[in-house]
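Q: Pasting a structure below so you can have a look.
The values are calculated or read from the model by the stated rules, or taken from the named source; none is laboratory data. Since we're looking at a predicted model, the values are computed, not measured. Using ideal geometry, Cβ is built from the backbone for each residue, glycine included, and neighbour counts are taken over all protein chains shown. Quick note on the areas: whole protein, heavy atoms, side chains included, nothing else; ligands and nucleic acids left out. Shrake-Rupley method; radii C 1.70, N 1.55, O 1.52, S 1.80 Å.
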Amino acid sequence: MSRTVLVVDDEPEIVRLLRSYLERDGYRVVTASNGEEALYAARRERPDLVVLDILMPRMDGLEFTRRVRREQDVPIIMLTARAEETDRIVGLEMGADDYVTKPFSPREVVARVRAVLRRALPASEAPPILRAGPIVLDRSKHTVTVDGEAVDLTPTEFGVLETLMKDPGRVFSRGEILEAVHGVTFEAYERTVDAHVKNLRGKIEPDRGSPRYIVTVRGTGYRLDSELERG
């Protein structure tokens, strides 16, 4: 069965172009021209992924993300003409999984869609359940619990945590985390890992201001506290 991608942009030519390339790659495409239409389409169609412009009439992309995140864990790739890092980080902190700046290559967007969807599929050679202290990650069910309580993670947050839990104590660079989660790495995107880790800490750490589980290794990246293996 084809996976469904919701493409949201108020520029008809961009919608047409992305639809053409995504359908050529085998995806079923649903479109919307503003945030209100997109929210209705997301509720009706339950897409596998959303490609979303930020600057739109009648509810912008950030507000759409805020609202849809209350209802669904659908992966979101944001499109925007704003290239500043602060705008990119805001989008990611809102729950977006990736970020592509206009102008863009439609082939790059398709590759990003493919990578974001692929990372949610567990690798067959890895154990279905990973445990580290109070954290339990079930790859087959795509669920995470901390001290027995369910935690709602975005697909990217799940991928970051899964990467760290595969090898507790090992220091992963931002590039390695991107490579594991997205299947590709771009230097310009490496700093966005910090936003995902910040969100992840807010959901799993007892005190996000003094993280115990995900440890920052200054100048390098992150590691999962190896002591958690004994928990």
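Q: Report, to the nearest whole %, how much of the accessible area of the chain belongs to carbon and sulfur atoms, 1.4 Å probe, protein only.
A: After summing per-atom areas, the C and S share lands at 47 percent.
Q: Report which label in [x] 1.00; [y] 0.97; [z] 1.06 holds the value of Rg/Rh (Cα atoms, Kirkwood Rh) derived from the coordinates of this structure.
A: [y]
Q: Another one. Can you give the extra length, in nm with one decimal, that the chain gains between residue 138 and residue 71 once fully stretched, where that is 0.36 nm per residue apart less the Cα-Cα distance?
A: Going from the current span to full extension adds 22.0 nm.
Q: Ordered by residue, what ³J(HN,Hα) values in Hz, to whole numbers, does the stretch 27-44 give under the Karplus form 6.51 cos²θ - 1.76 cosθ + 1.60, where θ = phi - 60° and Gly and Pro are x?
A: Rounded to whole hertz, the list is 8, 8, 10, 10, 10, 8, 10, 7, x, 5, 4, 5, 5, 4, 5, 5, 5, 6.
Q: Something else about it: Which ³J(HN,Hα) values, rounded to whole Hz and listed in residue order, are derived for the stretch 93-106 from phi using the Karplus coefficients 6.51, -1.76 and 1.60 in 6.51 cos²θ - 1.76 cosθ + 1.60 with θ = phi - 60°, glycine and proline given as x?
A: Running phi through 6.51 cos²θ - 1.76 cosθ + 1.60 with θ = phi - 60° gives 5, 6, x, 5, 9, 7, 8, 10, 8, 6, x, 9, 8, x Hz.
Q: Something else: Keeping to pairs on different chains or 8 or more places apart, tell me how many lysine pairs in the chain have Cα atoms under 24 Å apart. Walk me through the numbers on the way to the answer.
A: Details: 141/166; 141/198; 141/203; 166/198; 166/203.
Taking the chain as the scope, the lysine pair count is 5.
Q: Let me ask something else about it. For the chain, what is the percent of antiparallel DSSP beta bridges, rounded to the nearest 5?
A: Of those bridges, close to 50 percent are antiparallel.
Q: Report, to the nearest 10°, how far helix 192-204 tilts away from the longest principal axis of the Cα atoms in the chain, using its own Cα long axis and a range of 0 to 90°.
A: 60 degrees
Q: Here's another thing I want to ask about it. Using the Karplus curve 6.51 cos²θ - 1.76 cosθ + 1.60 with θ = phi - 60°, work out ³J(HN,Hα) for each residue of the stretch 168-180 in order, rounded to whole Hz, and write x for Gly and Pro.
A: With coefficients 6.51, -1.76 and 1.60, one gets x, x, 6, 8, 9, 6, 4, x, 5, 5, 4, 4, 6 Hz.
Q: Here is a follow-up. Roughly how many Å² is the accessible area per residue of the chain, as a whole number, for a 1.4 Å probe? Write down the numbers at each step before the final one.
A: Working: 11120 Å² over 231 residues.
So the chain comes to 48 Å² accessible per residue, rounded to a whole number.
Q: Counting Lys and Arg as +1 and Asp and Glu as -1, each charge on the Cβ, what is the dipole of the stretch 10-51 about the Cα centre in debye, to the nearest 20?
A: 220 debye
Q: Can you compute the FRET efficiency between residue 108 and residue 131 using 1/(1 + (r/R0)^6), with r the Cβ-Cβ distance and R0 = 30 Å? Round to the nearest 0.05.
A: 0.25
Q: Across the chain, where is the longest run that never hits GluC sites (Glu not before Pro) in a DSSP loop with at most 15 other C-beta atoms within 10 Å?
A: Values: sites that count: 71, 84, 125.
Formally, the longest exposed-site-free interval is 126-231.
Q: Say each of residue 81 and residue 40 gets a label point 7 Å from the Cα, pointing the same way as Cα to Cβ; how far apart are those two points in nm?
A: Using points 7 Å along Cα→Cβ, the separation is 2.6 nm.
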